[in-house]
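Structure incoming, see below.
The values are calculated or read from the model by the stated rules, or taken from the named source; none is laboratory data. Computed from a predicted model, the values in this text were never measured in an experiment. Note that we place each Cβ from the backbone using ideal geometry, even for glycine, and neighbour counts take in every protein chain shown. Ligands, DNA and RNA are stripped out before the accessible areas are found, and what is left, the full protein with its side chains, is counted by its heavy atoms. Shrake-Rupley method; radii C 1.70, N 1.55, O 1.52, S 1.80 Å.
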Amino acid sequence: MGMTMTQKILAAHVDGVSEVKAGQLIEARLDLVLGNDITAPVAIKEMEKMNVTGVFDKDKIALVPDHFTPNKDIKSAENCKIMRDFAHRNEITNYFEIGEMGIEHALLPERGLTVAGDVIIGADSHTCTYGALGAFSTGVGSTDMAAGMAIGKAWFKVPAALRFNLTGQLNKWVSGKDVILHIIGMIGVDGALYKSMEFVGDGIANLTMDDRFTIANMAIEAGAKNGIFPVDELALSYIKAHSDKPYTIYEADADAIYDEEYIIDLGTIRPTVSFPHLPENAKTIDEIINEFPDGVKIDQVVIGSCTNGRIDDMRAAAEIMKGRKVAKGMRCIVIPATQKIYLEAIEEGLLKIFVEAGAVVSTPTCGPCLGGFMGVLAAGERCVSTTNRNFIGRMGHVDSEIYLASPAVAAASSITGVISSPEEL
């Protein structure tokens with residue numbers, strides 16, 4: 001029986017087997033274990049209960065303080081100190097302090113810690129981002145992270161798979177964010193429940209790496225165990241430019257079994273927005289204009305996060321905001337995802353464009369995405385955000401509303417004060 005790309009990677013990480021099948025329980029070797037300032041302290045305390053001394057490999061653990069950093073209060077400072085002390089005590093190679101850190105899922109590929117063929121777990125649900133590089137990566141709980149740091153292995157149920165055949169090419173102002181919102185709107189937030197979303201097709205060649213990171217990042221919002229892309233020349237070029245780690249390229253067998261296959265013409269996808277309070281509530285910009293002729297008034301825009309804080313996202317937003325002003329009474333917050341991206345944005349003059357438009361620019365942080373800080377919403381407020389979740393209370397008060405969108409739509413909306421497409425400017 002043929003195996004999917006994900007199944008091949010998992011089989012290669014299980015001792016004594018040559019193949020695995022959907023539903024099988026396995027114990028797989030880990031290439032990387034990730035934690036942040038919310039989840040790692042819990043895992044560290046669990047390790048203490050296990051009476052474990054040391055970690056399985058100080059080079060295969062990554063600790064990134066990104067959710068509440070720079071620390072917003074005493075509790076967040078204490079959490080970061082727990083992680084910092086643990087990292088120093090165990091001589092963790094990949095601990096990223098303020099000044100060198102970034103939002104974890106943008107930072108790790110940039111630092112070359114994630115490559116094709118890896119098995120990666122992270123105590124953060126958007127760890128599935130690294131599937132853009134042909135890795136199996138998935139989010140786990142802090143207890144699983146603790147076991148992973150201790151023994152370098154984790155239990156998995158091998159996922160079945162869905163196949164997404166992407167064809168054609170995206171139009172101007174349409175990006176990977178629109179693609180994944182379109183897909184989630186099509187199959188629902190549980191449409192890929194505990195399955196691998198495997199992306200194939202000639203359309204992939206027309207997607208940038210930043211598009212692919214965004215799509216893989218939000219696989220979890222369709223309920224998926226992971227999202228994964230084939231390793232083409234663009235992905236291989238990215239890996240070689242960022243990493244000196246050994247990598248292995250896996251391809252799905254021709255007779256691999258998929259529960260369903262979807263064919264998606266990228267050229268037909270329009271700028272898309274997910275309305276409250278689920279990512280599946282997707283509407284195209286055309287549907288929004290028809291349904292809300294007076295517009296959907298908003299109070300805040302956030303451009304950033306592990307989903308859309310990369311340099312392509314900064315460039316798209318700046319192109320729209322250049323020479324324009326943020327609408328009166330509107331708050332626009334821009335957050336480059338890593339220090340490197342921040343520096344690139346400075347050197348390219350993008351931050352000057354944002355500030356002159358009336359936006360504010362933050363140091364890299366998850367901040368407002370989870371209602372942490374740097375843009376928490378009050379009751380009744382609406383935010384267009386390039387983040388990944390719009391659940392009730394996700395960015396603040398339970399009576400606030402979040403509209404998920406691409407950087408292009410978010411930037412345009414900050415100018416008009418209502419949900420807008422760049423095409424309207």
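State whether one or more residues within segment 63-70 are touching a residue at least 24 places away in the same chain (Cβ under 8 Å), touching a Ser or Thr at 6+ places or on another chain (Cβ under 9 Å), crowded, with 19+ Cβ neighbours inside 10 Å and outside any loop (DSSP other than H, G, I, E, B).
no
Check off (1) free of Cβ contacts under 8 Å to residues at least 40 places away in the same chain; (2) in contact with a His (Cβ under 9 Å, 6 or more places away or on another chain) for MET218 and give me the number that stays unchecked.
(1)
Can you pull out the residues in segment 189-232 that are out of contact with any helix residue (DSSP H, G or I) (no Cβ under 7 Å at 6 or more places or on another chain) and more than 18 Å from THR114 (Cβ to Cβ)?
ASP190, LEU193, TYR194, LYS195, VAL200, GLY201, ASP202, ILE204, ALA205, GLY223
Please specify each residue of segment 289-309 satisfying the condition of being open to solvent by 10 Å² or more (accessible area, probe 1.4 Å) and either within 15 Å of GLU348 (Cβ to Cβ) or in contact with a helix residue (DSSP H, G or I) (Cβ under 7 Å, 6 or more places away or on another chain) (or both).
CYS306
Now for a separate question. Considering only segment 97-106, state which residues are crowded, with 21+ Cβ neighbours inside 10 Å and either at pLDDT 95 or above or part of a loop (DSSP other than H, G, I, E, B) (or both).
Residues satisfying the conditions are MET101, ILE103, GLU104, HIS105, ALA106.
A follow-up question, please. Residues of segment 201-233 being open to solvent by 30 Å² or more (accessible area, probe 1.4 Å) and farther than 27 Å from ASP59 by Cβ, which ones?
Across segment 201-233, the qualifying residues are GLY201, ASP202, ALA205, ASN206, THR208, PRO230, ASP232, GLU233.
A follow-up question, please. Tell me which residues, restricted to segment 24-51, are open to solvent by less than 50 Å² (accessible area, probe 1.4 Å) and part of a loop (DSSP other than H, G, I, E, B).
Hits for segment 24-51 are LEU30, ASP31, ASP37, THR39.
Are any of the residues in segment 368-390 without any contact (Cβ under 8 Å) to a residue 60 or more places away in the chain and polar (S, T, N, Q)?
no
Then there is this: Within segment 111-133, identify whether any single residue is crowded, with 24+ Cβ neighbours inside 10 Å, over 19 Å from the mean Cα position of the chain (by Cα) and part of a strand (DSSP E or B), and answer yes or no.
No.
Just to verify a result, which residue in segment 71-92, among those that are out of contact with any helix residue (DSSP H, G or I) (no Cβ under 9 Å at 6 or more places or on another chain) and outside any helix (DSSP H, G or I), is nearest to PRO364 (Cα to Cα)?
ASP73
Against the definition (of a type outside the set (Ser, Thr, Tyr), in contact with a Lys or Arg (Cβ under 9 Å, 6 or more places away or on another chain) and surrounded by 15 or more Cβ atoms within 10 Å (Cβ to Cβ)), how does ALA252 come out, yes or no? Talk me through it step by step, then tell me what you get.
Details: of a type outside the set (Ser, Thr, Tyr): yes; in contact with a Lys or Arg (Cβ under 9 Å, 6 or more places away or on another chain): yes; surrounded by 15 or more Cβ atoms within 10 Å (Cβ to Cβ): yes.
It is true that ALA252 is of a type outside the set (Ser, Thr, Tyr), in contact with a Lys or Arg (Cβ under 9 Å, 6 or more places away or on another chain) and surrounded by 15 or more Cβ atoms within 10 Å (Cβ to Cβ).
Does segment 261-284 contain at least one residue that is of a type in the set (D, E, K, R), surrounded by 17 or more Cβ atoms within 10 Å (Cβ to Cβ) and not in a loop (DSSP other than H, G, I, E, B)?
Checked against the condition, which is being of a type in the set (D, E, K, R), surrounded by 17 or more Cβ atoms within 10 Å (Cβ to Cβ) and not in a loop (DSSP other than H, G, I, E, B), segment 261-284 yields at least one hit.
Looking at segment 89-101, can you tell me whether even one residue there is under 14 Å from the mean Cα position of the chain (by Cα) and touching a residue at least 12 places away in the same chain (Cβ under 8 Å)? If you could, list the steps in order and put the result at the bottom.
Filtering segment 89-101 for residues under 14 Å from the mean Cα position of the chain (by Cα) gives none.
Scanning segment 89-101, I find no residue that is under 14 Å from the mean Cα position of the chain (by Cα) and touching a residue at least 12 places away in the same chain (Cβ under 8 Å), so the answer is no.
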